[in-house]
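Since the structure comes first, as structure tokens, the remarks are kept for the end.
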Amino acid sequence: MGVVIISILYISSFYPSSKEPYRGHFIEKQAKLLGEELNEKVIILKPLISRRAYKKRILHERYNDIDIYSIYYPNFLQYFTLLNSSNNAYKYFKKEIQQILNTDRPKITISNDLFASLRIGNIISENYSSIHYSIVHGENTQVLRRNPFLKKAISKELVSCNNVIAVSNKIKSYISCNFNYHGEIAVNGNGVAKEIIEKYANCNFSKNDLLTITSIGNLNFNKGIDIVLDALKEIDIPFVYNIIGDGPYKNELLRMISKYNLEEKIVFTGNIANEMVFEYLEKSHFFILPSRNEAFGIVYLEAMITGNICIGTKGQGCEDFISNKENGFLVNNTSEIKNIILNYYNSDKKNTICRKAREKAKEYNWNKNVQNIIDLLRNDPLFKNYSSKKNHLN
């Protein structure tokens, strides 16, 4: 049997799997569509290098028609030793990784974080003459402040990549300000699935009679659910607030809900399937997520496409597509959230905002996102020899 030559290896610690079906759907969307557009096989390396990985092992599974190889390797000091642990993990599993990549040999490697995936991506790129694109999805400014050596190490890794892509202008600024990287940084926003855009293109939504507000995300401090609760405690009209997701901050939110006597107005759904998420959004009037740190925010786009007035935070990634008071709102405090709800819930002005929001959301789709990556490849001199043998990019 001959060697199978593939073109796309995705490296991501937050790619969905049977154990984590709700994580990283945006990575999965991009990976599968890029594979379809280039007519190539896609495989996933999922480095899980953390204190929770007590046993060193590689587990393979085929999930949603993609081969995923999860690399478990212990790292008890978290970010501070993560790059070094990534080196050790690759050396420890070198034979197994070679068996995987000699069968499915990468021509394009795409890493999806600034730590383990980035480092392993560079190692593979060097060993297999693979083009390596780093897509930066978030920031860890506080970690870098505590460890300037880590900042220097990541700068070196970024310089070693063939291309660096930021998911928003906020992340582009973060890379430029925090790392010694002077190359071009492409901004390529995430998107909404084509089938979702088509489904809701001309939809007339049947919203709940009762004022309905929705938030979606991992329940941690950064998502700002506590800010929403602070605003809602002063709303004196009947409402229901659906909180979709789960996480370590839930107990603190429950304490706040009890303090504000909001128990009968709040619904925690936990993590639910994407189809159910849209069922909630279809009935909702406002989507509010005043994140303290948001790299992009696909959930805002999904809420915009389903006829919600979206409220985000100034200075975050959603500024790329939410224009304040035009197709949504960007706020700094709880009083602004309260006033927006009261002023727009029963106002005709909400129809114009929702219409403009839906039109803007349509501009952000995975087909466009993947086409932008293909355009980068088309203009990449390192891809010239490969594209001359393949007709995908011609």
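The values are calculated or read from the model by the stated rules, or taken from the named source; none is laboratory data. This is a predicted model, so every value here is computed, not measured. Glycine also receives a Cβ, built like all others from the backbone with ideal geometry; neighbour counts cover every protein chain displayed. Calculation scope for accessible area: heavy atoms of the full protein, side chains included, ligands and nucleic acids excluded. Shrake-Rupley method; radii C 1.70, N 1.55, O 1.52, S 1.80 Å.
Is it true that residue 153 is farther than 26 Å from residue 291 by Cβ and open to solvent by less than 70 Å² (accessible area, probe 1.4 Å)? Yes. Scanning for something touching an Asp or Glu at 6+ places or on another chain (Cβ under 8 Å) and of a type in the set (Ser, Thr, Tyr), does the range 267-278 turn up at least one residue? No: zero hits. Quick check on residue 94: is it without any contact (Cβ under 8 Å) to a residue 24 or more places away in the chain and either out of contact with any strand residue (DSSP E or B) (no Cβ under 7 Å at 6 or more places or on another chain) or among the acidic types (Asp, Glu) (or both)? The answer is yes for residue 94. Checking each residue in the range 320-339 for being in contact (Cβ under 8 Å) with a residue 40 or more places away in the chain and open to solvent by less than 20 Å² (accessible area, probe 1.4 Å) picks out 321, 331, 337.
Each row is one residue, and each column tells you yes or no for (1) outside any strand (DSSP E or B); (2) in contact with a helix residue (DSSP H, G or I) (Cβ under 7 Å, 6 or more places away or on another chain); (3) surrounded by 18 or more Cβ atoms within 10 Å (Cβ to Cβ).
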{"position": "22", "(1), (2), (3)": "yes, no, no"}
{"position": "29", "(1), (2), (3)": "yes, yes, yes"}
{"position": "34", "(1), (2), (3)": "yes, yes, yes"}
{"position": "53", "(1), (2), (3)": "yes, no, yes"}
{"position": "69", "(1), (2), (3)": "no, yes, yes"}
{"position": "82", "(1), (2), (3)": "yes, yes, yes"}
{"position": "86", "(1), (2), (3)": "yes, yes, yes"}
{"position": "89", "(1), (2), (3)": "yes, no, yes"}
{"position": "101", "(1), (2), (3)": "yes, yes, yes"}
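When you scan the range 58-67, how many residues do you find that are β-branched (Val, Ile, Thr) and exposed (fewer than 15 other Cβ atoms within 10 Å of the Cβ)? Summing the residues that are β-branched (Val, Ile, Thr) and exposed (fewer than 15 other Cβ atoms within 10 Å of the Cβ) in the range 58-67 gives 0. In the range 303-319, the residues that are more than 20 Å from residue 199 (Cα to Cα) and open to solvent by 10 Å² or more (accessible area, probe 1.4 Å) form Cβ pairs under 9 Å with partners that are among the acidic types (Asp, Glu) and modelled with pLDDT of 95 or more, at six or more places apart or across chains, as follows: 313/319.
In this structure, is residue 124 open to solvent by less than 70 Å² (accessible area, probe 1.4 Å), at pLDDT 95 or above and in a strand (DSSP E or B)? In short, no. Figure legend. Inter-residue proximity from the range 258-277: first residues outside any strand (DSSP E or B) and of a type in the set (Gly, Ala, Ser), second residues modelled with pLDDT under 95 and open to solvent by less than 70 Å² (accessible area, probe 1.4 Å), beta-carbon distance below 7 Å, spacing 6+ or different chains. No pairs are indicated.
So that you can scan it fast, the table gives a plain yes or no per residue for (1) open to solvent by less than 20 Å² (accessible area, probe 1.4 Å); (2) among the hydroxyl-bearing types (Ser, Thr, Tyr); (3) within 26 Å of residue 141 (Cβ to Cβ); (4) touching a helix residue (DSSP H, G or I) at 6+ places or on another chain (Cβ under 7 Å):
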{"site": "199", "(1), (2), (3), (4)": "no, no, no, no"}
{"site": "207", "(1), (2), (3), (4)": "no, no, no, yes"}
{"site": "219", "(1), (2), (3), (4)": "yes, no, yes, yes"}
{"site": "222", "(1), (2), (3), (4)": "no, no, yes, no"}
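Restricting attention to the range 167-222, and to residues there that are within 15 Å of the chain's Cα centre (by Cα) and in a strand (DSSP E or B), which single residue is nearest to residue 290 (Cα to Cα)? Top of the filtered list is 216. Scanning the range 283-334 for residues that are part of a strand (DSSP E or B), out of contact with any Lys or Arg (no Cβ under 9 Å at 6 or more places or on another chain) and among the hydroxyl-bearing types (Ser, Thr, Tyr) turns up nothing. Within the range 236-248, residues that are under 12 Å from residue 342 (Cα atoms) and in a strand (DSSP E or B) have Cβ atoms under 9 Å from residues that are open to solvent by less than 10 Å² (accessible area, probe 1.4 Å) and not charged (D, E, K, R) in these pairs: 239/211; 239/212; 239/213; 239/232; 239/341, counting only partners at least 6 apart in sequence or on another chain.
Here the condition is being of a type outside the set (Asp, Glu), modelled with pLDDT of 95 or more, open to solvent by 70 Å² or more (accessible area, probe 1.4 Å) and more than 30 Å from residue 41 (Cα to Cα); of 356, 349, 360, it holds for 356 alone. Within the range 224-235, the residues that satisfy the criterion of being outside any helix (DSSP H, G or I) and either open to solvent by 20 Å² or more (accessible area, probe 1.4 Å) or under 14 Å from residue 293 (Cβ atoms) (or both) are 224, 233, 234.
For the range 361-375, what are the residues that are part of a helix (DSSP H, G or I) and within 19 Å of the chain's Cα centre (by Cα)? Even if it seems obvious, please write down each step before you answer.
At the first step, the residues of the range 361-375 found to be part of a helix (DSSP H, G or I) are 361-362, 366-375.
Those that are part of a helix (DSSP H, G or I) and within 19 Å of the chain's Cα centre (by Cα): 361, 362, 366, 367, 368, 369, 370, 371, 372, 373.
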